[in-house]
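Every read-out reported here was derived from the displayed coordinates using simple, explicitly stated rules and does not represent laboratory data. If you're wondering where the values come from, they're calculated on a predicted model, not measured in any experiment. As a convention, Cβ positions derive from the backbone with ideal geometry for all residues, glycine included, and neighbour counts pool all protein chains shown.
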Amino acid sequence: MSSERLTLVVGDEELLVDRAIGDVVAAARAREDEVEVHELTPASLAPAALAELTSPSLFGGGRVVVLRSAQDCGKDLAAEIGRYAANPADDIDFVVVHAGGAKGKALLDALTKAGARKVTCQKITRPGDRVAFVRAEVRRAGGSIGEDAARTLLDAVGTDLRELASACSQLVADTGGKISDEAVARYHRGRAEVSGFTVADRAVEGRLAEALEQLRWALATGVAPVLITSALAQGVRSLAKVGGAPRGLRGAGLAKELGMPPWKIDRVRAQLRGWEPAGVARALQGVAETDAQVKGGGADPAYALEKAIAQIVAARAGR
């Protein structure tokens with residue numbers, strides 16, 4: 001038996017963890033036309049379920065089994081995982097996600113001893129590592145950025161990796177790939193906490209005055225209108241995705257269905273209070289019209305954005 005399809009993901013940086021899992025799933029789908037993906041936690045793993053999921057399939061096809069929060073495994077489950085890791089199946093990708101640290105260290109040691117491929121996803125805290133992350137993200141999107149411009153982007157956007165990744169992707173798309181310090185300043189100059197995402201959160205929560213205040217500050221400090229429109233669109237689309245999700249899905253299954261991390265689903269659920277499906281549809285239409293105006297169809301992008309925010313808040317109130 002081979003340990004090549006046994007992966008140990010260590011760390012608690014959600015973006016990097018999700019990408020590590022996504023890489024395993026992508027590799028499995030490159031090998032097989034049909035791939036089943038099972039995401040579990042120790043709390044949701046019934047007795048003997050692991051043995052069933054890691055048994056050969058009678059119907060063929062690929063299978064990826066992901067166990068998140070493995071540091072919470074009890075002694076018996078940890079021992080069962082250790083036994084499987086010592087003799088893994090050749091046709092199943094098994095991914096164990098462990099936060100690291102002392103809790104559950106025996107399981108970490110067992111998987112390491114078994115030869116599991118290890119992917120480290122620790123929080124990025126050192127300034128130099130954050131700069132390296134930004135530059136790698138820009139390369140990932142097909143562009144290039146110097147160290148000074150990467151630092152400027154960090155100063156403007158902040159340290160949340162998801163927002164940084166989104167900003168890098170948007171900059172590459174808008175600049176043609178080569179990102180200068182001037183380009184970053186043009187799109188993102190201003191306080192890190194004031195971004196299109198801040199404006200969008202206040203709007204979908206129905207907080208009109210705060211949303212408009214954040215919009216005016218963002219525009220005054222150089223945040224590009226197109227980025228604010230993009231954030232508004234993402235915010236309203238998230239409402240539609242979570243609001244329209246199958247009612248029977250929970251936890252990891254829901255996260256997989258929606259392609260969103262659990263923490264974001266929880267936040268969007270809170271934002272959904274007060275919304276009706278018809279209101280979400282009206283908000284989506286309004287954002288689409290605003291996008292066209294901001295990209296050249298209207299004379300005043302700032303006015304278009306103010307109008308869009310008012311429409312979103314009104315749609316939430318059912319007006």
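List of remarks:
- Each stretch of four or more DSSP H residues adds -39500 (n - 2.57); spread over every residue of the chain, this sum gives -18000 deg cm²/dmol at 222 nm.
- C-alpha long axis of helix 147-157 to longest principal axis of the chain, angle in °: 80
- The stretch 54-155: mean projected area of Cα convex hull, nm²: 9.4
- Stretching residue 213 away from residue 52 to a fully extended chain increases their span by 52.5 nm, per 0.36 nm per residue minus the current alpha-carbon distance.
- Over 23 Å (Cα to Cα) - which of 178/307; 103/264; 264/295; 75/105 fall in this group: 178/307; 103/264; 264/295
- Percent of Cα pairs exceeding the 35 Å cut-off, where the set is the chain: 33
- Spatial separation of Cα centroids for the stretch 87-158 and the stretch 15-31, in angstrom: 13
- Label-to-label distance for residue 160 and residue 182 is 3.1 nm, based on points extended 7 Å past Cα in the beta-carbon direction.
- Shape of the stretch 6-89, Cα gyration tensor, a/c cut at 1.5: oblate
- Potential lengthening between residue 105 and residue 266 on full extension [0.36 nm per residue; Cα-Cα distance subtracted]: 55.0 nm
- By the equivalent-ellipsoid construction on the alpha carbon gyration tensor, the stretch 229-274 comes out with semi-axes of 18, 11, 9 Å, ordered largest to smallest.
- Nearest-ten-degree value, helix 14-31 long axis tilted from longest Cα axis of the chain: 60
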